[in-house]
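**Student:** Sharing a structure, written as structure tokens. Questions coming.
The values are calculated or read from the model by the stated rules, or taken from the named source; none is laboratory data. For clarity, every value in this text was computed on a predicted model and none was experimentally measured. Heads up, the Cβs are rebuilt from the backbone with ideal geometry, glycines too, and the neighbour counts pull from every protein chain shown. With ligands, DNA and RNA removed, areas are computed over all heavy atoms of the protein, side chains included. Shrake-Rupley method; radii C 1.70, N 1.55, O 1.52, S 1.80 Å.
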Amino acid sequence: MRIIVFGGDGFCGWPTSLHLASLGNEIFIADNLSRRQIDLEMGTKSLVPIADIYERVDTANGFNLNIKYENIDVTNFDVVLEYIKNVRPDCIIHFAEQRSAPYSMLGNNESCYTVNNNVTGTHNLLRAISQTDKNIHLVHLGTMGVYGYDDKYGKIPDGYLDVTIDQTNESLEIIFPPDPGSIYHLTKVLDQQMFAFYNKNWGMKITDLHQGIVWGIQTKQTILHKNLYNRFDYDGEYGTVLNRFISQAIIGHPLTVYGTGGQSRAFININDTCNAIELAIKNPPEKNSRVRIMNQISEVYNVISLAKMVSKEFNVEINFLDNPRKE
Ligand code: NAD
Ligand code: USQ
């Protein structure tokens, strides 16, 4: 297949691009490198040094992985439309969003940037596909965070909730009532609404994969060469909890549990992310079906049980800190 990977230079996008290329697909990475720019602005960087995108792609092609790269900003509609028309992909994978919840809550600039970037980007892709070829399958990496983190509606189903309307006694399925906990998560809720709208009006083929926190770092392809290594974020904004605990433990730094540590989260390994996307692409939704939503998690832990597990393994202390996040 010809596959465009928007956000293909990122933590999930790069290993997924390599994985899909290793299966014989032709991969077109479109990324404006904004994630690398945010690192420069925040004065931080991936713990594992990462090669620049041109070195990455050259090295991958040396392993017979067919990957091309263009510096494209998904928020520029005309450029996105032209690119999709030229590439004529079978499938588009959309990772190109600002993905840190705490970054999206830092201040006005970060909140507005997150909304403008994520909402406009997703809308541009939908609009461009609707004007190019409605058979292109759009696969988006959503988040379990759209559901919120409590169980007031019972076990969380794949995207849709069965309800009975009191006034009419009618039973129907509605999109699961969203309960975003950050501006970032709010943009994912808005993405979901745009998917439903474009699907209803233009019959577009869309898969939205709600994954939990993606942890881990390398895959079968990223370890082939140091230029293919994946990024590993450990800073306060982009470092996710398990990756942070592991890097803290290795240097003997007490584990930074925010608040009581009672926050419960779902986890999935980066290798499973790649496999899940492969499966979604190989099995597109039926024509005229609603947006396909799938929850993709392997394990659920609360932060304190995760900290205890790492603490026991590495013999390191746990430090309870005032929660710096509004959650
Ligand atoms: P990331 O920040 O490492 O990668 C995102 C990539 O998109 C970066 O390379 C960035 O430069 C690019 N990008 C951002 N805005 C762009 C724009 N306007 N135009 C072009 N490129 C742009 O993030 P990630 O962890 O790889 O996450 C990818 C997607 O997966 C996000 O949508 C995120 O919400 C979702 N997701 C991530 C996790 C996780 O734990 N990392 C969990 C669930 C869902
Ligand atoms: N936490 C700590 N200590 C730390 C870091 C985090 O206690 O040092 C806590 C946070 O307070 C939070 C929990 O760990 O309650 C998870 O935080 P996180 O940064 O690991 O993950 P989160 O903010 O939930 O976001 C990540 C990704 C995001 C993705 C989401 C999936 O950054 O892109 O959408 O996981 S989900 O959690 O299912 O919403």
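**Student:** Quick one: compute a quarter of the convex hull surface over the Cα atoms of the range 1-143 and quote it in nm².
**Tutor:** If I average the Cα hull's projected area over directions, I get 8.6 nm².
**Student:** Cα-based Rg of the range 280-327 per 2.2 N^0.38 Å, rounded to two decimals?
**Tutor:** That ratio works out to 2.02.
**Student:** Ok, one more. Rounded to the nearest 5, what is the percent of antiparallel bridges among the DSSP beta bridges in the chain?
**Tutor:** Taking every DSSP beta bridge within the chain, about 20 percent pair in antiparallel fashion.
**Student:** Can I ask one more? Residue by residue through the range 225-230, which ³J(HN,Hα) values in whole Hz follow from phi under the Karplus form 6.51 cos²θ - 1.76 cosθ + 1.60 (θ = phi - 60°), with glycine and proline marked x?
**Tutor:** 7, 5, 6, 9, 4, 8
**Student:** What does the convex hull of the Cα atoms come to per residue for the range 176-254, in Å³?
**Tutor:** Taking only Cα atoms, the range 176-254 has a hull volume of 153 Å³ per residue.
**Student:** Further, regarding this structure: How are the C-alpha pair distances of the range 264-303 spread across 5 Å bins, as whole percents from the shortest bin up?
**Tutor:** For the range 264-303, the pair-distance distribution reads 6, 19, 23, 20, 15, 10, 6, 1, 0.
**Student:** Take the Cα pairs of the range 69-120, get the Kirkwood Rh, then feed it into Stokes-Einstein at 20 °C and 1.002 mPa s and tell me D in µm²/s.
**Tutor:** Taking Rh from Cα pairs, D becomes 171 µm²/s.
**Student:** Still on this structure: I'd like the carbon and sulfur percentage of the solvent accessible area for the range 46-143, probe radius 1.4 Å, heavy atoms only, ligands and nucleic acids excluded.
**Tutor:** That fraction is 46 percent.
**Student:** Treating the beta-carbon of each Lys and Arg as +1 and of each Asp and Glu as -1, no other charges, what is the dipole magnitude of the chain about its Cα centre, to the nearest 20 debye?
**Tutor:** In total the dipole reaches around 480 debye.
**Student:** A further question on this structure: Starting from the Cα gyration tensor of the range 235-327, multiply each eigenvalue by 5, take the square root, and state the resulting semi-axes largest first in whole Å.
**Tutor:** 34, 15, 11
**Student:** Follow-up. Distances over 20 Å make up what percent of all Cα-Cα pairs in the range 98-197?
**Tutor:** 49
**Student:** Also, I was wondering about something else. Using the Cα centre of the range 230-307 as the reference point, and only Cβ charges (+1 on K/R, -1 on D/E), how large is the resulting charge dipole? Debye, rounded to the nearest 20.
**Tutor:** So the dipole magnitude of the range 230-307 works out to roughly 280 debye.
**Student:** If you don't mind, there's one more thing I want to ask. Of Lys200/Lys287; Lys68/Lys188; Lys134/Lys287; Lys68/Lys226; Lys188/Lys326; Lys155/Lys326, which pairs sit farther than 21 Å apart, going by alpha carbon to alpha carbon?
**Tutor:** Over 21 Å apart, Cα to Cα: Lys68/Lys188; Lys155/Lys326.
**Student:** For Glu313, Glu55, Glu97, give me the order by solvent-accessible area with a 1.4 Å probe, most accessible first, ignoring ligands, DNA and RNA.
**Tutor:** The ranking, largest first, comes out as Glu313, Glu55, Glu97.
**Student:** List the aspartates and glutamates whose Cα sits under 19 Å from the Cα of Lys45, skipping any in the same chain fewer than 8 residues away.
**Tutor:** Once the sequence-local aspartates and glutamates are set aside, what remains near Lys45 is Asp9, Asp31, Glu55, Glu97, Glu110, Asp233, Asp235, Glu237.
**Student:** Still on this structure: Under unit Cβ charges (Lys, Arg +1; Asp, Glu -1), what dipole magnitude, rounded to 20 debye, does the range 1-77 have relative to its Cα centre?
**Tutor:** Dipole of the range 1-77, to the nearest 20 debye: 180 debye.
**Student:** I would also like to ask the following. Using a Debye calculation, one point per C-alpha and no hydration shell, please list log10 I(q)/I(0) for the chain at q = 0.09 Å⁻¹ in order.
**Tutor:** These q points yield log10 I(q)/I(0) values of -0.47.
**Student:** Take each uninterrupted DSSP H stretch in the chain, measure its Cα extent along the helix axis, and return the ones at 27 Å or beyond whose mean Kyte-Doolittle hydropathy is at least -1.0.
**Tutor:** 108-132, 183-202
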